[in-house]
1. State whether segment A:329-415 is rounded, prolate or oblate according to the following rule on the C-alpha gyration tensor (a ≥ b ≥ c being the square roots of its eigenvalues): a/c under 1.5 gives rounded; otherwise a/b larger than b/c gives prolate, and the remaining case gives oblate.
2. Provide the FRET efficiency to the nearest 0.05 for the residue A:339-residue A:287 pair, computing r from the beta carbons and using R0 = 56 Å.
3. As a footprinting exposure proxy, order A:289, A:145 by other Cβ within 10 Å, with the fewest listed first.
4. At 37 °C and 0.692 mPa s, what whole-number value in µm²/s does Stokes-Einstein give for the translational diffusion of chain B, with Rh from the Kirkwood sum over Cα pairs?
5. What FRET efficiency comes out for the pair residue A:253/residue A:394, r = Cβ-Cβ distance, R0 = 25 Å, nearest 0.05?
6. In whole Hz, with x marking every Gly and Pro, tabulate ³J(HN,Hα) for segment A:309-315 from phi via Karplus 6.51 cos²θ - 1.76 cosθ + 1.60, θ = phi - 60°.
7. Quick one: go through segment A:435-451 and flag any residue whose amide nitrogen is under 17 Å from the point 7 Å out along the Cα-to-Cβ line of residue A:409.
8. Percent antiparallel among DSSP beta bridges with both residues in the protein assembly as shown, to the nearest 5?
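Read the figures in this text as sums done on the coordinates, not as results from a lab. Here the structure is a predicted model, which means the values were calculated and not measured. Because the Cβ atoms are built from the backbone with ideal geometry, glycine has one as well, and the counts that use them run over all protein chains shown.
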Amino acid sequence: MSFAYLTIAQIKKRLKDKEFSARELVEYYLNKIETENPELNAFISIDREGALRSADEVDQKIARGETLRELEGIPCAIKDLLLVKDHQATAGSRILADYIAPYDAEVVQRLKNAGAIILGKNNCDEFAMGSSNETSAFGPVKNPWNQDYVPGGSSGGSAAAVAADQCVFSIGTDTGGSIRQPASFCGVVGFKPTYGRVSRNGVIAMTSSLDQVGPITKNVEDSAEVFRVIAGEDPLDATTVNLPLPSLAELAHNVKGLKIGLPKEYFNLGSSAEAEQVVAKAVKTFKSWGAEIKEVSLPRTTYALAAYYVLMPAEVSSNLARYDGIRFGKRVPEAKDLEEIYRLTRGQGFGKEVKRRLLIGAYVLSAGQKDAYYAQARKVQQVLAADYAKVFQEVDILLSPTTPGPAFKLGENLTDPLTMYLADIFTVSANIAGLCAISVPAELSESGLPLGLQFIGPAFDEEKILRAAYHYQTSRSFPNLGEIKN
Amino acid sequence: MLTEQEVLKLAALNKLAITDDEVKSLQKDITSIIGYVDKLQELKINKDSLLFADLDLAGPRHDVVVGLVKSETEKLVKMAPDTQDNLIVTKAIFNERS
């Protein structure tokens, strides 16, 4: 019996048909994680005992003939930026290395309520700051397609774990592309819902006005199913909304007449010929299904990344003020006075990328610079949101590469932060303009690494991008890693 | 180019100790990143073109104090790196005048 690369629907059916037990399934993933983690490093912590205990409870329910909940018995992983009660929550940082979460993030609570089994916590860039998973204090994650390459970031551990079949799905966070970019690099599906869809309660904050939680999965159907479980209003996150969610049945509705926009300026953002080919091929496919393709213009989209690298560090410098060595996290023992506790704890606890962003944040918010940078970036954010809203009156969704090219080598961009930041050039607009977006594996590059295709949709209209992405993915035979290795 | 003094000032604003080597590399990196985000100045934005996202956000919370039970406060205090008698221990906040 093979457990390899099973989807949620397949597992549900096989558990129900008693083809295997939940315990056998969980043991398959735990063994895989424990065997592969010394090299891949996609997990920071594993909860073997808790996962097996949950699996036994599922098996008992099945034996009693009880109805299983939406995700009952489905083994998953959680980016180590979200709190899981009584478990380590490091955010990939030394400063939180020993921190034990006192409560569940709302998303985690919803997953538990739906019966999902949490295998462990995925490695990530420190406080989600990075595009390669090389800023984690717990070492870099390797791309399972080729371990000389990065898996992307910041949800790099989540994407690598799903690609390597160490879990059925993982929960990531996306502030400027941190779900979609690693999903693209690792050949899996990464879905960033609209800001406000999923509660941030219990998510360690990076940029509160942009952070959004979403699933990384093996297919679009699984993303839609997990989304339905984790989304919804939460009184503890005042930015969440109570709006209807797309049903799974809607995914299969056809795409005839769907208006797809190609933003012409996106193709001047430095994408590789291979990435552009991905879009060109997809256009042909959608045309053959009766979708309407239209070139659209978003002339100010080139400013999205610059706005992001002002707004994000500004919020980072505020959000990370809480790590002061007093209430939780590490405290250096040698400090002589209170000021020194702060300075030394933060100096020793934070890594280089975090320090870089803290200083930029202080710079763009400083008295002499605030209007030129922070206030201007907020204005740019508003005009970009207006530009996208206008384009979405002409078309239903937008299509673009997810990343300029396939994954880059470990260490390649580590000393050049600006080049590293450009890895998010195609993904960041959806965050800045408050849209939803999904990356779906499209082609293998000449180097044998995956390339993703991105679908961007209007705010709170996830149904259209999920439907288009579902049709695209189910029409393709993009291989999973298990098929490549065999 | 940001000066070393400016980098040290930004670190001080963040209550962050940085080494001499870090000062030099942060000076280079931050100058380059600020140079990139400077492109925002190219955009002349008419005040009339600004809009605020029309989102139907959840309403404000009720202005009531939500108390914590003792077991929860104890748990929160225990997370601190140094505690005594259910209180968080810190260094003295005020120094004696010399």
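1. Verdict is oblate for segment A:329-415.
2. Computed FRET efficiency for residue A:339 and residue A:287: 0.30.
3. Working: A:289 15, A:145 24.
With the fewest neighbours first, A:289, A:145 line up as A:289, A:145.
4. Numbers: Rh = 20.0 Å.
Rounded, D is 164 µm²/s.
5. E between residue A:253 and residue A:394, to the nearest 0.05, is 0.70.
6. For segment A:309-315, the Karplus-derived couplings read 7, 10, 5, 4, x, 4, 6 Hz, x marking Gly and Pro.
7. Within reach of a label on residue A:409: A:446-449.
8. For the protein assembly as shown, the DSSP antiparallel bridge percentage is about 70.
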